[in-house]
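Some notes on the structure that comes next.
The values are calculated or read from the model by the stated rules, or taken from the named source; none is laboratory data. A quick note: this is a predicted structure, and the numbers were derived from the prediction, not measured. With ideal geometry, Cβ positions are generated from the backbone for all residues, glycine too; neighbour counts draw on all protein chains shown. Heavy atoms of the whole protein, side chains included, go into the accessibility calculation; ligands, DNA and RNA do not. Shrake-Rupley method; radii C 1.70, N 1.55, O 1.52, S 1.80 Å.
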Amino acid sequence: PKDTVDVVVVGSGGAGFSASVAAHDKGASVILIEKEPVIGGNAKLAAGGMNAAWTDQQKAKGIEDSVDSMRKDTMKGGRDLNNPALVDVLVTHSKGSVDWMTAMGADLNDVGRMGGASANRSHRPTGGAGVGAHVIQVLYDNAVKRDIDMRMNTRGIEILKDDSGKVKGLLVKGMYKGYYWIKADAVILATGGFAKNNDRVAKLDPKLKGFISTNQPGATGDGIDVAANAGAAMQDLQYIQAHPTLSVKGGVMVTEAVRGNGAILVNREGKRFVNEITTRDKASAAILEQTGKSAYLIFDDSVRKSLKKIDKYIGLGVVPTADTLVNLGKLENIDGKALTETVARYNTLVTSGKDTDFGRPNLPRALNEGNYYAIEVTPGIHHTMGGVKIDSKAEIMNAKQQVIPGLYGAGEVTGGVHGANRLGGNAISDIITFGRVAGEEAATYSKKN
Ligand code: ADP
């Protein structure tokens with residue numbers, strides 16, 4: 001294969017695949033490289049959904065939402081530290097990104113609630129199967145259809161520039177081929193975050209030392225170093241998110257959609273202690289204050305039936321089940337009497353339509369059907385909000401706020417979109433939208449250079 005192209009994309013998560021397909025469709029030749037032996041990055045693990053406002057899927061379900069409401073929720077969730085120009089791109093493109101994926105064959109027809117959202121806007125496959133694996137499959141199939149040159153086991157090492165500072169290619173290291181240059185007018189960094197690299201995490205936020213992570217092994221942040229060596233400015237690296245519900249038994253992340261669809265959180269004393277669908281930072285902090293620094297997701301068969309993903313967790317053996325709440329309590333050493341009272345109280349709140357105890361904004365269903373389930377959960381490091389600084393065209397900037405010509409960034413490797421805290425469902429939205437923007441911009445740029 002030849003090693004000269006218009007655009008090189010580094011990383012095969014949702015951002016990298018979206019960028020590759022979008023650049024191709026704008027007429028660019030593309031090489032996509034991935035350092036791991038498998039595609040999909042962390043994106044393929046995403047379970048919650050793809051946030052988008054004012055979509056056909058929402059309208060078909062009679063859900064009222066607006067671009068402005070998604071903007072407000074995103075800014076509030078990010079503690080208003082987000083870059084408003086990037087949030088604008090995220091929210092105004094969100095419907096278009098759902099349509100783009102749908103046109104390529106994705107099923108994003110199920111719409112559910114995630115933390116910090118004032119409407120149901122998390123789009124996922126019918127029946128609530130994992131959104132990330134589906135999105136990656138659809139993008140991969142479309143990349144294959146377009147004959148995009150994809151190289152696994154190939155790590156991006158260093159950006160090559162000419163004397164004027166324009167990007168001219170990338171030094172890579174193939175597992176079998178060794179080091180070689182790929183010549184290109186544009187490089188898109190879509191290398192994801194660094195949640196799996198606890199040394200890097202703990203240096204930035206010492207409170208998180210020793211925390212387990214939900215991420216795949218490639219989420220180490222070497223892309224950040226590649227960008228920094230090319231002169232990229234960084235932003236918000238200190239904002240690192242714990243996901244509140246990592247299964248203590250299996251180390252697997254339990255999607256927020258379980259709570260969105262009706263599960264409650266209780267402590268070992270059998271009591272609720274938080275609005276279950278608050279933002280991730282608040283939910284995580286609340287769980288760490290409970291006995292044993294963990295809590296239980298409690299739900300019934302009606303919640304189970306509403307979300308296919310739950311059967312996966314049951315299959316992994318991390319979900320104790322019993323016919324009554326008292327028996328469930330016995331299995332997990334939770335106060336069963338208190339648990340029974342808590343669920344009865346919660347069910348009256350569902351009937352009244354208002355959570356006067358903790359202000360939970362959605363009360364989708366009472367918990368009174370059939371078997372009961374408990375998943376012990378604790379926070380795990382999930383997402384790194386900070387990263388390389390980009391503008392609204394996904395161009396990477398240096399410390400003087402100037403664009404580095406030919407260098408683009410998209411997805412978790414970038415900072416600014418999510419401020420201090422990312423809302424559930426906004427990652428898939430981010431990577432598809434900014435991946436597309438980066439791909440299209442890089443293709444257009446490469447034609448001129
Ligand atoms: P996003 O959600 O932003 O698309 P992901 O974590 O899903 O990010 O994907 C990033 C991908 O980039 C991962 O598969 C990771 O292994 C890969 N990657 C990270 N650093 C490099 C690198 N230096 N060279 C090639 N691939 C990389």
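Inside segment 313-425, counting only strands (runs of 3 or more DSSP E) that do not spill past its ends, which hold 3 or more residues that are open to solvent by less than 30 Å² (accessible area, probe 1.4 Å)?
Numbers: elements: 372-384, 387-389, 395-397, 403-409.
Those strands (runs of 3 or more DSSP E) span 372-384, 403-409.
How about segment 239-269: which of its residues are out of contact with any Asp or Glu (no Cβ under 6 Å at 6 or more places or on another chain) and either open to solvent by 10 Å² or more (accessible area, probe 1.4 Å) or without any contact (Cβ under 8 Å) to a residue 24 or more places away in the chain (or both)?
Across segment 239-269, the qualifying residues are Y239, A242, K249, G250, G251, V252, M253, N261, N267, R268.
Just the residues that are within 8 Å of the ligand (Cβ to nearest atom) and either touching a Phe, Trp or Tyr at 6+ places or on another chain (Cβ under 7 Å) or open to solvent by 30 Å² or more (accessible area, probe 1.4 Å) (or both), please, taken from segment 222-238.
In the first step, residues of segment 222-238 are kept if they are within 8 Å of the ligand (Cβ to nearest atom); the result is 222-223, 226.
The answer is D222, and nothing else.
Given the structure, is T444 open to solvent by 30 Å² or more (accessible area, probe 1.4 Å) and either in a helix (DSSP H, G or I) or hydroxyl-bearing (S, T, Y) (or both)? Steps first, please.
Numbers: open to solvent by 30 Å² or more (accessible area, probe 1.4 Å): yes; either in a helix (DSSP H, G or I) or hydroxyl-bearing (S, T, Y) (or both): yes.
Criteria met by T444.
What about N82, is it more than 19 Å from G13 (Cα to Cα) and touching a residue at least 60 places away in the same chain (Cβ under 8 Å)?
Details: more than 19 Å from G13 (Cα to Cα): yes; touching a residue at least 60 places away in the same chain (Cβ under 8 Å): yes.
When the stated conditions are applied, N82 passes them.
When only residues in segment 138-192 that are polar (S, T, N, Q) and in contact with a helix residue (DSSP H, G or I) (Cβ under 8 Å, 6 or more places away or on another chain) count, which is surrounded by the most Cβ atoms within 10 Å (Cβ to Cβ)? Walk me through it before giving the result.
Step one: of segment 138-192, the residues polar (S, T, N, Q) are 142, 153-154, 164, 191.
Checking which are in contact with a helix residue (DSSP H, G or I) (Cβ under 8 Å, 6 or more places away or on another chain) leaves us with 142, 191.
Details: N142: 21, T191: 37.
Step by step, filter segment 138-192, then rank; the result is T191.
Residues to consider are G116, G210; find the one that is closer than 18 Å to E256 by Cα and out of contact with any strand residue (DSSP E or B) (no Cβ under 9 Å at 6 or more places or on another chain). Steps first, please.
Values: G210 fails: closer than 18 Å to E256 by Cα.
Of the residues listed, the single one that is closer than 18 Å to E256 by Cα and out of contact with any strand residue (DSSP E or B) (no Cβ under 9 Å at 6 or more places or on another chain) is G116.
Scanning segment 291-306 for residues that are more than 18 Å from A322 (Cα to Cα) and open to solvent by 10 Å² or more (accessible area, probe 1.4 Å), which turns out nearest to the chain's Cα centre (by Cα)? Let's see the steps before the verdict.
So in segment 291-306, the residues more than 18 Å from A322 (Cα to Cα) come out as 291-294, 306.
Still in the running and open to solvent by 10 Å² or more (accessible area, probe 1.4 Å): 291-293, 306.
Working: T291: 29, G292: 27, K293: 24, S306: 21 Å.
The qualifying residue nearest to the chain's Cα centre (by Cα) is S306.
Starting from residues that are small (G, A, S) and in a helix (DSSP H, G or I), keep the ones in segment 21-66 and report whichever is farthest from the chain's Cα centre (by Cα). It would help to see each step written out before you state the result.
Restricting attention to segment 21-66, the residues satisfying the condition of being small (G, A, S) are 22-23, 27-29, 40-41, 43, 46-49, 52-53, 60, 62, 66.
From the residues that got through so far, the ones that are in a helix (DSSP H, G or I) too are 22-23, 43, 60.
Details: A22: 20, A23: 22, A43: 6, A60: 25 Å.
Out of the qualifying residues, it is A60.
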